[in-house]
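What follows is a single structure, written as structure tokens, with notes after it.
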Amino acid sequence: MSDHAAGEQITLPTRALVLSTVGTDGALHAEPIFVMSALLGHSDKAVRDCLARLAGEGLLVRDAGRGRGASYRVTAAGRAAIESDIGWAAYAHRVDAGLEPWDRSWYLTAFEVPERRRAARDALRRLLIELGAAPIQSGLYVHPHDLFDLVSQLAEHLEVPDAVRSFVTPSIRTGLPAAQGGEPSDDDPAEFAGRIWPLDELANRYDVLERRLASIEADADRLGGEQLAAVMFAAAAETEAVHRDDPLLPAEVLPDDWAGSRARQAFMAAHAAVSAHSELYRNSHSMSSFVAEILRSLDETSEQFWQRWWPRFLDAYRAKLPPAATGETR
């Protein structure tokens, strides 16, 4: 692995690395985290501070010990956040495999919240952006999937239940009509998606990730077990970070040979190579369960997948809900 590729991994936030090592039983042991973080250039203090912050945020609880000898367990809120990442990653692999065909409908979500309730308005906007919706004008967001259930639950929690409206349309056209001197765009879904989502920027991030994963796969037999585990944990956490910024659009509206699909293929190949050469990585409950969940999802029908994962996605977003807005902003 080149020094440059390894150095890029060191920039990974300690938080992402820590959360990626939570086991399937919800347990987290500090010692392996200190070892891998040191290999990635993080200080012991950075790890201790990170663990303290995660505990302070209610995502982890310390069970026993201190420092390197400490053990933690993930809370319900922490588990919901981790499971949501796994589920959306599995969904992305299903899209790549052609298991989630698009119904060719665009779903519009609109909300109107008065200025005195701007905290609720900002929370609705943040959720829509997090879910991958794109704004097409003030208070109006579009996505190729129906987000109304999640957004309406948040609106009800924020005590603005009547603020949200949802619409569905088979096509969207933008621009001035010819009678007014304009050239309205056609309603080609891929052309529309390429204009309102930053797909070029996202593709560049996936390209960097793909190269990094390919480098890990190629050099897996030359790196020591602990160093190899460390860089692969870092790459896995970075893969999840890119996924969080990906609107996970249907294959029908993405460019041919989509960079996200290539990066996910590179991840699976690197996972297999690292598992064969690193006992520390191979024994990681978090990574083995992550990949096992992806493989399981590829054997399911769409109905089976969503029956398992929709309640978990709801739990994850409920766990992040802000306090209900009981007062008005003056």
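Go through Pro311, Pro322 for me and flag whichever is at pLDDT below 90, open to solvent by 50 Å² or more (accessible area, probe 1.4 Å) and not polar (S, T, N, Q).
Pro311
Inside the range 21-51, can you point out the residues that are open to solvent by less than 10 Å² (accessible area, probe 1.4 Å), of a type in the set (Gly, Ala, Ser), within 15 Å of Val74 (Cβ to Cβ) and at pLDDT 70 or above?
If the condition is that a residue be open to solvent by less than 10 Å² (accessible area, probe 1.4 Å), of a type in the set (Gly, Ala, Ser), within 15 Å of Val74 (Cβ to Cβ) and at pLDDT 70 or above, then Gly26, Ala30 are the ones that fit.
Cβ contacts < 8 Å: first residue in contact (Cβ under 8 Å) with a residue 24 or more places away in the chain and crowded, with 19+ Cβ neighbours inside 10 Å, restricted to the range 131-143; second residue in a loop (DSSP other than H, G, I, E, B) and among the small types (Gly, Ala, Ser), any location; separation 6+ or different chain. Result?
Tyr141/Ala133; Val142/Ala133; His143/Gly132; His143/Ala133
Can you go through Val168, Val164 and tell me which one is hydrophobic (A, V, I, L, M, F, W, C), at pLDDT 85 or above, more than 23 Å from the chain's Cα centre (by Cα) and open to solvent by 60 Å² or more (accessible area, probe 1.4 Å)?
Sole residue among the options that is hydrophobic (A, V, I, L, M, F, W, C), at pLDDT 85 or above, more than 23 Å from the chain's Cα centre (by Cα) and open to solvent by 60 Å² or more (accessible area, probe 1.4 Å): Val168.
Any residue in the range 103-110 that is in a loop (DSSP other than H, G, I, E, B), open to solvent by less than 60 Å² (accessible area, probe 1.4 Å) and modelled with pLDDT of 90 or more?
Scanning the range 103-110 turns up at least one residue that is in a loop (DSSP other than H, G, I, E, B), open to solvent by less than 60 Å² (accessible area, probe 1.4 Å) and modelled with pLDDT of 90 or more.
Among Val74, Val113, which is the only one that is under 23 Å from the mean Cα position of the chain (by Cα) and aliphatic (A, V, I, L, M)?
Answer to the selection: Val74.
Only one of (1) modelled with pLDDT of 90 or more; (2) within 26 Å of Phe305 (Cα to Cα) fails for Asp149. Which number is that?
So Asp149 meets the others, but not (1).
Listed residues Arg62, Arg73, Arg68, Arg15; which is modelled with pLDDT of 75 or more and within 30 Å of Asp219 (Cα to Cα)?
That would be Arg68, the only listed residue that is modelled with pLDDT of 75 or more and within 30 Å of Asp219 (Cα to Cα).
Go through (1) touching a helix residue (DSSP H, G or I) at 6+ places or on another chain (Cβ under 6 Å); (2) of a type outside the set (Asp, Glu); (3) open to solvent by 30 Å² or more (accessible area, probe 1.4 Å) and name the single condition Ala90 misses.
Evaluating Ala90 over (1) touching a helix residue (DSSP H, G or I) at 6+ places or on another chain (Cβ under 6 Å); (2) of a type outside the set (Asp, Glu); (3) open to solvent by 30 Å² or more (accessible area, probe 1.4 Å) leaves (3) as the failure.
Within the range 221-237, is even one residue crowded, with 22+ Cβ neighbours inside 10 Å and acidic (Asp, Glu)?
No: zero hits.
Of the residues that sit in the range 218-244 and are over 23 Å from the mean Cα position of the chain (by Cα), among the acidic types (Asp, Glu) and not in a loop (DSSP other than H, G, I, E, B), which one is modelled with the lowest pLDDT?
Among those residues, the one meeting the criterion is Glu226.
Can you name every residue in the range 238-283 that is without any contact (Cβ under 8 Å) to a residue 60 or more places away in the chain, closer than 30 Å to Ser105 by Cα and open to solvent by less than 10 Å² (accessible area, probe 1.4 Å)?
Val242, Ala259, Ala263
The values are calculated or read from the model by the stated rules, or taken from the named source; none is laboratory data. The shown structure was predicted, so the numbers you read here are calculated from the model rather than taken from an experiment. FYI the Cβ positions are ideal-geometry reconstructions off the backbone, even for glycines, and counts take in every protein chain you see. The protein model used for the area step is the full one, side chains on, heavy atoms only, and it has no ligands, DNA or RNA in it. Shrake-Rupley method; radii C 1.70, N 1.55, O 1.52, S 1.80 Å.
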